[in-house]
Structure formats: structure tokens, C-alpha cells
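Here the structure is laid out as C-alpha cells; the discussion comes afterwards.
The values are calculated or read from the model by the stated rules, or taken from the named source; none is laboratory data. Predicted, not measured: the structure shown is a model, and the values here were computed from it. Because the Cβ atoms are built from the backbone with ideal geometry, glycine has one as well, and the counts that use them run over all protein chains shown.
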Amino acid sequence: MFKHIVIIGNSAAGIAAAEAVRSKNKEIKLTIITQEDYCGYYRYFLPEMLDNSIAEKDLIFKQKDFYQQSKINLILNRKVEKINVKRKQIFLQDKTKIDYDSVIITSGRTMKPPKGLKGANKNGVVSIDNIVQLKQIKKLIHCCQTVCILGANFAGSKIPVFLSKLGLDVKLFVSPDDFLSVILEQKGRDFFKEYSQRNGFELISPADVVEIFGDSDIKAVKLDSGKVIGCSMLIIDKYYQPNTKFICDTVLETQNGIVVDEFLRTNVVGLFAAGNVAYNKAEWNCFWPESFAQGTAAGLNALAYVSQDADFQQYKGFPGVMNFSFLGLPGCCIGEINTSDINGSEELVSINSDGFTYKRIILKDDFVQGVVGIGKGIDLEVFSELILKKIKVTEFKNNLLSENVSCLLYSNAIGL
Ligand SMILES: Cc1cc2nc3c(=O)[nH]c(=O)nc-3n(C[C@H](O)[C@H](O)[C@H](O)COP(=O)(O)OP(=O)(O)OC[C@H]3O[C@@H](n4cnc5c(N)ncnc54)[C@H](O)[C@@H]3O)c2cc1C
């Protein structure tokens with residue numbers, strides 16, 4: 001009898017885990033369960049569906065034939081309700097019972113407003129976690145004039161541009177711990193406030209929503225400044241919580257996610273977790289490529305576990321580039337960009353308001369720690385080398401913001 005690996009979740013981490021298992025073993029029984037009724041799709045492109053820049057069919061990156069050819073039993077539209085780790089059984093919402101030898105949990109995170117946020121259950125208070133929610137927003141938008149967005153993380157940094165293109169009055173409320181605040185410093189924040197106005201939406205920072213007014217439908221929001229703003233939709237892009245309800249009866253350790261070690265192992269033997277639902281003390285990021293890389297390691301390690309192979313693959317974090325779209329501009333960052341995590345850091349910033357280019361370099365003791373580039377791309381090759389090879393930049397620090405940084409560094413003969 002073949003062993004059975006079950007993956008809960010069919011997105012970046014889950015699909016990467018399945019591919020990793022199949023790359024080493026073509027026969028083992030492999031099942032993916034998802035509560036969504038869709039094959040694998042690029043979750044990060046959901047905002048692009050708002051103004052039809054991307055059609056639904058182009059969002060799907062794994063068609064049904066991928067699962068068939070890879071001999072993956074795909075269970076769509078079924079929610080996992082419970083796991084019995086002693087009996088090694090998974091229970092679905094419709095009471096189906098699935099036996100397993102190893103489980104990889106990749107159930108991600110979704111927005112759950114805090115209990116203290118009054119009015120969060122009103123119609124028109126939404127989030128963009130999946131295709132179904134996105135489609136609902138598209139339907140509602142036709143009756144809206146003003147849309148408020150709370151939080152500027154992945155979704156909140158993208159959607160204002162799409163919504164203002166549709167002729168809506170858009171207001172974006174940004175808190176200090178949002179992604180947008182972390183990747184920019186003060187000059188950048190001021191620049192992008194002005195940039196927002198020029199692009200037809202308003203960026204209000206720092207600001208938080210403390211109450212939502214209306215009868216059954218949202219009518220207005222109250223900010224922490226006391227200001228009340230009328231609106232017919234509030235899109236929330238913060239308050240993300242790991243999807244772990246189905247493990248609440250288990251002994252699985254949680255702490256802002258399912259706790260895993262560097263091999264993606266939980267505290268229950270044979271159970272692994274990866275992607276946004278997993279928590280490691282190194283505080284891994286919630287990016288698509290990082291979830292994918294964790295899924296790969298978890299898949300290989302689940303296979304090693306069921307094959308009784310001691311060769312577990314260590315996940316060392318994701319040093320790679322993170323691409324994102326920022327208020328309608330392409331952006332990317334590498335390395336450590338949160339200066340509150342770096343003692344004694346120094347920053348170099350350049351802003352070109354004509355070409356909408358923003359570059360921020362974070363240094364410590366003249367070593368580059370991280371780089372953010374928005375608008376025109378940054379020279380990733382050069383900065384990756386400077387970070388990874390730990391090259392001291394004292395002699396050419398003043399040239400780092402230059403557009404032709406690679407030529408200048410060559411002339412400094414540092415071997416790039
Ligand atoms: C709007 C938006 C924009 C983004 N933009 C970017 C970007 O520009 N760059 C970037 O790097 N990242 C971006 N991200 C983040 C990126 O999409 C996530 O990091 C990635 O999707 C995480 O993958 P995951 O596999 O861990 O979880 P998820 O993608 O959240 O998938 C979770 C899976 O688990 C399933 N599931 C959950 N609970 C259950 C259950 N009880 N039973 C059965 N199935 C269940 C879900 O159906 C789903 O298949 C964005 C995310 C969003 C929402």
C-alpha cells in the first residue's frame with residue numbers, strides 16, 4: 001500500500017508542496033483539499049481583476065490537467081473542519097473522513113476584523129482574500145461613489161489606482177505598521193501622498209477606522225482623529241489571522257500561526273505547515289515567493305518522513321527579491337528594509353517626481369542591508385551582490401543612488 005500525503009490548501013505553498021513531492025516520487029498517494037472552487041490561481045493578481053486588466057481565466061496558473069497528470073486527487077469546494085492527530089484522520093465539512101500518513105497545512109491567512117471594531121459586520125465591509133470576494137466587490141462597486149480602504153498592505157497598496165480609474169472617489173487610510181509605511185521613509189511617504197492626489201485618490205496617514213456607521217449597509221466610517229467620512233464600501237486590508245480553526249482541538253502549538261521549525265515541522269510528528277499559516281521564530285514574510293519556497297521544503301520533508309528517510313531539507317529563509325505593485329507603479333525590495341529591526345542604520349533616498357522613481361538604500365556600518373525601488377527598476381544584480389557578498393561601500397557610497405550604478409561600481413573595480 002502506498003502512503004498518503006494530504007495537503008490542506010491549494011495555493012502557493014500547497015501547490016509547491018505537491019510539486020516537490022511529485023518531483024521525487026511519482027506513485028505516492030497525494031491529495032489536495034481546498035475550500036475554494038478553483039484550481040490554483042495567482043492570488044496576488046486579484047486586484048488587477050477590478051478594472052479587468054486581468055481576466056479570471058488568466059488568473060488560473062494550474063489547470064485541471066495539471067492535477068490529473070501529476071496524479072493529485074484534488075478536492076475542491078470542501079472545507080476541512082477538524083483533524084484528529086491521534087487517529088491520523090481529517091474531517092471535511094460534509095463529514096467525509098480522510099486517512100493520512102502525513103499532512104501539510106498550507107491554509108493561509110484571512111482578514112478577521114477585531115471584535116472591538118463596531119459595525120464591521122455591515123454590508124459593504126469587505127476584504128480581498130479570494131476570487132469570490134473580489135467578484136462581490138465588483139458587483140457592489142457599481143452602486144458606490146466613495147470607497148474607503150483601511151490598510152496599505154498588498155491589496156491596499158494596489159487597489160486605489162484601479163478604483164480611481166473606474167471614476168470612484170477613493171480614500172486610503174494608512175497605519176504606521178502597514179507595508180506601505182515600512183517600505184517608505186518620511187520623504188517617500190510625503191512624496192506618495194502628493195502622488196496619490198495627482199492620481200485621483202487621497203492617502204490619509206496615519207489613520208485608523210474606529211467605528212463603522214449605517215443600518216444594515218455601511219454609510220460612513222469614523223477615524224481615530226474623530227473625523228467622519230461618508231462611504232458605501234470599506235475594503236479592509238489588515239487584521240489578517242491564520243486559518244487554524246480546524247486544529248483548535250489538537251495539541252498543535254500556535255503563536256500567530258502554526259509554529260514550525262526550520263524543517264517546517266510542527267510539534268506533532270508527521271504534520272508540517274508552510275506559507276502564511278506557518279509561524280517560525282525567525283518571523284518569515286508573508287510573500288508569494290516565500291510561501292512557495294516553504295511549500296517546496298515542506299513537501300520534500302513530508303515525503304522524507306513517510307519514506308522514513310532522515311534527509312530533511314532545512315529552510316533557511318528567503319533572501320530573494322520581492323516584487324509588488326505599489327499605487328500603480330512596479331516595486332521591488334531586497335534584504336532587510338524595516339529600519340526598526342536594524343540598530344544604527346543609515347538611509348540614502350532619491351526621489352524623481354517627474355519619472356515617479358523612488359529608491360531607498362538601507363546601510364549599516366557602510367554595508368548595504370536592504371534596498372527598495374519603486375517606479376523604474378533598481379539594479380537588482382548589483383544590490384544582491386552587495387548584500388550577499390557583504391561588500392563594504394564606503395568608497396562609492398555616494399554613487400549608490402546613481403542611475404548607472406553598475407557602471408560606476410565596475411569602475412571601482414570591486415569585481416561585480
Ligand atoms: C490581494 C492580494 C495581493 C497580494 N499581492 C502580493 C504581491 O504583490 N507580492 C507577493 O509576494 N505577495 C502578494 N500577496 C500575498 C500572497 O498572495 C500570499 O503570500 C500567498 O498567497 C500565500 O500563499 P499560501 O499558500 O500560504 O496561502 P493562501 O494563498 O492564502 O492559500 C490558502 C489556501 O488554503 C485553503 N484553505 C484555507 N482554509 C481551509 C480549510 N479550512 N479547508 C480547506 N481549505 C482551506 C484556501 O482555499 C487556499 O487554497 C497578495 C495577497 C493578496 C490577497
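In table form, for the structure just shown:
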{"quantity": "Residues that are among the β-branched types (Val, Ile, Thr) and closer than 14 Å to Ala278 by Cα, drawn from segment 289-316", "calculated": "Thr296"}
{"quantity": "Residue within segment 254-264 that is among the small types (Gly, Ala, Ser), within 20 Å of the chain's Cα centre (by Cα) and assigned to a loop (DSSP other than H, G, I, E, B) present", "calculated": "yes"}
{"quantity": "Residue check for Ile361: buried (at least 19 other Cβ atoms within 10 Å of the Cβ) and not assigned by TED's automatic domain parsing to the domain that holds Glu290", "calculated": "yes"}
{"quantity": "Boolean, Ser70 is away from the ligand (no atom under 16 Å from the Cβ), hydroxyl-bearing (Ser, Thr, Tyr), in contact with a strand residue (DSSP E or B) (Cβ under 6 Å, 6 or more places away or on another chain) and not assigned by TED's automatic domain parsing to the domain that holds Cys143", "calculated": "no"}
{"quantity": "Single unsatisfied condition, Lys86 versus (1) without any contact (Cβ under 8 Å) to a residue 40 or more places away in the chain; (2) surrounded by 18 or more Cβ atoms within 10 Å (Cβ to Cβ)", "calculated": "(2)"}
{"quantity": "Residue match in segment 265-274 (condition: surrounded by fewer than 19 Cβ atoms within 10 Å (Cβ to Cβ), farther than 23 Å from Ala152 by Cβ and under 19 Å from the mean Cα position of the chain (by Cα))", "calculated": "no"}
{"quantity": "Selection within segment 111-122 - more than 14 Å from the ligand (Cβ to nearest atom) and either closer than 18 Å to Ser11 by Cβ or surrounded by 17 or more Cβ atoms within 10 Å (Cβ to Cβ) (or both)", "calculated": "Pro113, Leu117, Gly119, Ala120"}
{"quantity": "Count of residues meeting criterion [crowded, with 18+ Cβ neighbours inside 10 Å and under 21 Å from Lys24 (Cβ atoms)] in segment 313-341", "calculated": "1"}
{"quantity": "Test: residue in segment 96-110 that is away from the ligand (no atom under 11 Å from the Cβ), closer than 30 Å to Leu163 by Cα and under 26 Å from the mean Cα position of the chain (by Cα)", "calculated": "no"}
{"quantity": "Output for segment 12-66, where each listed residue is of a type in the set (Lys, Arg) and near the ligand (Cβ under 8 Å from one of its atoms)", "calculated": "Arg43"}
{"quantity": "Positions within segment 231-255 being under 18 Å from Pro114 (Cα atoms) and surrounded by fewer than 17 Cβ atoms within 10 Å (Cβ to Cβ), in sequence order", "calculated": "Tyr239, Gln241, Lys245, Gln255"}
{"quantity": "Segment 241-295, subset farther than 28 Å from Asp178 by Cα and among the polar types (S, T, N, Q), residue nearest to the ligand (Cβ to nearest atom)", "calculated": "Thr250"}
{"quantity": "Condition broken by Ser181, with the remaining ones in (1) within 16 Å of the ligand (Cβ to nearest atom); (2) small (Gly, Ala, Ser); (3) assigned to a helix (DSSP H, G or I) satisfied", "calculated": "(1)"}
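Here is a yes/no grid of residues against (1) in contact with a strand residue (DSSP E or B) (Cβ under 7 Å, 6 or more places away or on another chain); (2) farther than 21 Å from Asn285 by Cβ; (3) among the aromatic types (Phe, Trp, Tyr):
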| position | (1), (2), (3) |
| --- | --- |
| Asn343 | no, no, no |
| Phe356 | yes, yes, yes |
| Ile361 | yes, no, no |
| Val371 | yes, no, no |
| Gly375 | yes, yes, no |
